[in-house]
Amino acid sequence: MTDLISMVVAKYNYWIYITLMMIGLYAMIAKNNLVKKIVGMNIFQTAIILFYVSIGVKKGATIPILEHGHGPNAHHVVHAVDYINPLPHVLMLTAIVVGVATLGVALALAIRIYNNYNTLEEDEILAQVREK
Amino acid sequence: MSEQYPALLVIVPLLSALVVSVAGWVNKRWCFPIAVAALSVSAWSSVGLLFRVLNEGVIVYKLGGWSPPMGIAYYIDYLNGLVLPVVSIVALLNLISSKRTVEQQFPDKTGPFYTLYVLMVTGLLGIVVTGDAFNLYVLLEIASLTGYGLLAMGEERAPLATLNYLYMGTIGACFYLLGIGYLYIVTGSLNMVDIARLLPPLYQSKAVLAAFIICMVGVWLKMAFFPLHAWLPNAYTFANSASSSLIAPLVTKVMVYVMIRLMLTIFTPKFVFNTLAVHDAVVWLAVIAIAMGAVLALKERNLKKMLTYIVVAEVGYMVGGAWLGNRAGLTGAVLHIVNDALMTLCVFLVVGNIVYKIKGYAFGDLKGLFAKMPFTMGAFVIGALSIIGVPPTCGFFSKWYLILGAIQAHQYGFMVALLFSSLINVVLFFRVFEIGFYEPFSDHEGHEHHPAVMAEAPLTMLVPLYVVAISLILVGLYTGDIVNHIVQFVIPKGFM
């Protein structure tokens, strides 16, 4: 039991992202309203962004801007240990843009669907589809 | 000039998307010529690249002059050297053929349509050419998002079908991204060649295993591999014909390319077939994919939907072939990427012509079609024979390699599935031929006309269709050359 707790605590960022991901997946599968499904999809994407951001973290490190790079106290040896890894964060800028674009396309489709069927509840839409 | 082909391939359609969207505001008639010009440049560059690869071997192109581990590099080897011309030429032919359909189906939206079209081709070409795993994700999403836009321009049910595709596509792409994240944690690199160099000591690591499985599931979702195929048939059926004949031949095939790239370049066959040892299970999944695709296609009374289930079955061919783990199977899978793109394009262009003239694609609409549209149906016969696998069309040769690979790997289930699906394809297509040939033509209201008057699709639609149909036979006749000069170099040394 203590093993399990220490495992969860030591790698809590992974547990959080998995939990978020499953919440998103649950919403996509179980919810009946199309907008709720779309929100679930967005949570799913955000979970992965969180995962990437969390892997760039280092204990006791600072933001990746060179300290003492200029001026009288300048010393030019850069210790990578002193700085967090910025690359995953930069990658996630792109992923956030992709996520926003996906959300936009999904909502635009939801509007089209609403115009066609006058509802966003999936069971009602499917009933209408079956009637035709 | 030829040094810049890898960049031109992607940059020209990307920038032209901007120009086309502006032209859509100014004068709609400019959109089509600009799109054709841009995709012609892509097609020219991709063919040029193929010849350069044949002469010089692997090409490394550093974007902006940044060296590989830091910057993004494009690697063009024999595998994507072969796939690039297929993608760009299929897109160009379909673009030319779709002009009349687009004018008929949504005359006021030609600008947005062509913008999405060239952007989608940008994404697909980028996926194939890039050597950076994260860059691949971004281009994958470019191709997917534009694809959703294109597919949603269709019948009343198109938006709902597309939204279902969007959920599945997003999960697939996210899984791929997550897998790449794990690879980044263990190797600290995103460059495919660099990852492959750093991975071998870590093959026993659980993180690498997780990365591989997550990436594979993501890619399978995107290519509609059997248990994950549910989004494909509706999304492709209800879309407008110009979009479905772009997306059906290309998206699944490009994703198969990504899978083979993951297996051969990033993870190397040693990991996939020796360390992991799940290939038997995957081949059995492919067997189920082929069988279910064939059976579900048999159930449909609607030409376009029937063809979409054939696409699902064909994905099973390629995945199974790649996972057989021998030279013949992999040759068959790579060859089938080329052949299936052309075959699928051929039959979907036929559907486009039929929709243009008849305004329907249910079996009831096809009555007397051989008399009404003899040239279109002639090309359909060639496409159908190729999907069935009748020599000398190209479908026969890739199926031959796949069956050969199945026998060498003692995967008799896969062999039986291939033969079973060929037999079902015979039934499927001869049923269509019978309706088209023997049943008298009737219009939508059911009034029968005797004799049927010929009303063929315009020449701009027939010429691309016949280029594809003839290429099916030519590719079939030159299969030996393609295998000897290109495909055999795709397969890494030491692979049985």
Item checked: Net charge dipole size for chain B [Lys, Arg +1 and Asp, Glu -1 on Cβ; Debye, nearest 20] -> 360
Next item on the list: Report the relative contact order of region B:278-496, percent, no decimals, based on alpha-carbon pairs under 8 angstrom and at least 6 residues apart.
Entry: 28
Item checked: Entries in A:11/A:31; B:222/B:299; A:37/B:367 that, when Cα-Cα distance is taken, lie over 32 Å -> A:37/B:367
Next item on the list: Putting +1 on Lys and Arg Cβ atoms and -1 on Asp and Glu Cβ atoms, find which of B:22, B:7, B:455 reaches farthest to the positive end of the dipole of chain B.
Entry: B:7
Checklist line | Quarter of the Cα convex hull surface for region B:211-264, i.e. its orientation-mean projected area (nm²) | finding: 3.8
Notebook entry, point to check: What is the calculated FRET efficiency for residue B:275 to residue B:423, with r their C-beta to C-beta distance and R₀ = 30 Å, to the nearest 0.05?
Noted result: 0.20
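Have a look at the DSSP beta bridges in the protein assembly as shown and tell me what percent are antiparallel, nearest 5. Working shown, then result.
Details: 10 of 11 bridges.
Of those bridges, close to 90 percent are antiparallel.
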Check: Say each of residue A:85 and residue A:66 gets a label point 7 Å from the Cα, pointing the same way as Cα to Cβ; how far apart are those two points in nm?
Finding: 2.3
Note to self: Taking θ = phi - 60°, what integer Hz values does the Karplus form 6.51 cos²θ - 1.76 cosθ + 1.60 yield along region A:46-52, in sequence order, with x for Gly and Pro?
What the structure shows: 5, 4, 6, 4, 4, 4, 5
Item checked: In Hz, Karplus ³J(HN,Hα) per residue of region B:223-235 (6.51, -1.76, 1.60; θ = phi - 60°; x = Gly, Pro) -> 9, 6, 6, 2, x, 10, 8, 4, 6, 5, x, 5, 4
Checklist line | J(HN,Hα) series, region B:258-263, from Karplus relation 6.51 cos²θ - 1.76 cosθ + 1.60, nearest Hz, glycine and proline x | finding: 4, 4, 5, 4, 4, 6
Notebook entry, point to check: Give or take rounding to whole Å, what are the principal axis extents of the alpha carbon atoms in chain B, in descending order?
Noted result: 74, 57, 42
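Under a point-charge model restricted to the Cβ atoms of Lys and Arg (+1) and Asp and Glu (-1), what is the dipole moment magnitude of the protein assembly as shown relative to its Cα centre, in debye to the nearest 20?
280
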Notebook entry, point to check: How big is the Kirkwood radius of region B:319-426, worked out from every pair of different alpha carbons and given in Å to one decimal?
Noted result: 14.9
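How charged is the neighbourhood of residue B:235? Take every other residue with its Cβ under 12 Å from the Cβ of residue B:235, and add Lys/Arg as +1 and Asp/Glu as -1. Write out the running numbers ahead of the final one.
Details: positive: B:157, B:304, B:305; negative: B:155.
Taking every Cβ under 12 Å from that of residue B:235, the sum is +2.
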Check: Once both labels are modelled 7 Å past Cα along the beta-carbon direction, what's the residue A:3-residue A:129 spacing in nm?
Finding: 4.8
Checklist line | Label zone at residue A:97, where the point sits 7 Å out along the Cα-to-Cβ direction: region B:138-157 residues whose backbone N lies under 12 Å | finding: B:138-139, B:142
Next item on the list: Calculate for chain B the 222 nm mean residue ellipticity that helices alone would give, adding -39,500 (n - 2.57) per DSSP H run of length 4 or more and normalising by residue count, nearest 500 deg cm²/dmol.
Entry: -24500 deg cm²/dmol
Item checked: Which of B:175, B:414 has the fewest Cβ neighbours within 10 Å, and the rest in rising order -> B:175, B:414
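By the scheme Lys and Arg +1, Asp and Glu -1, what is the net charge of all other residues having a beta-carbon under 15 Å from that of residue B:309?
On the way: positive: B:299, B:301, B:304, B:305, B:431; negative: B:300, B:314, B:340.
That sum, taken over residues with Cβ under 15 Å, equals +2.
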Next item on the list: Please list, in chain and number order, the residues 5+ apart from residue A:33 or on another chain whose amide H is under 5 Å from its amide H, with Hs placed from the backbone.
Entry: A:122
Next item on the list: With no solvent and one equal point scatterer placed on each C-alpha of region B:192-239, evaluate the Debye formula and give log10 I(q)/I(0) for q = 0.15, 0.18, 0.20 Å⁻¹, two decimals.
Entry: -0.56, -0.67, -0.73
Check: Which percent of Cα-Cα pairs in chain A sits in each 5 Å bin, short to long?
Finding: 2, 9, 12, 13, 13, 11, 10, 8, 7, 5, 4, 2, 2, 1, 0, 0
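Hey, what's the Kirkwood Rh for region B:278-496 if you take every pair of different alpha carbons, in angstrom?
Working: mean 1/r = 0.0558 Å⁻¹.
The Cα-based Kirkwood calculation yields 17.9 Å.
What share of Cα pairs, in percent, lie more than 20 angstrom apart in region B:107-168? Let's see the in-between values first.
Working: 625 of 1891 pairs.
Percentage above 20 Å: 33.
Can you tally the net charge around residue A:42? Count Lys and Arg as +1, Asp and Glu as -1, for every other residue whose Cβ sits under 13 Å from the Cβ of residue A:42. It would help to have the intermediate numbers written out before the result.
Working: positive: A:31, A:36, A:37; negative: none.
Once all neighbours under 13 Å are counted, the net charge is +3.
Could you give the Stokes-Einstein D for the protein assembly as shown in µm² per second, using the C-alpha Kirkwood radius, 25 °C, 0.890 mPa s? Please list the in-between numbers first.
On the way: Rh = 25.4 Å.
Value of D from the Cα-based Kirkwood radius: 96 µm²/s.
Bear in mind that the values in this text are calculations on the coordinates, not laboratory data. All values reported here derive from a predicted model rather than from experimental measurement. Positions of Cβ are generated from backbone atoms using ideal geometry, with glycine treated the same way; all protein chains shown enter the neighbour counts.
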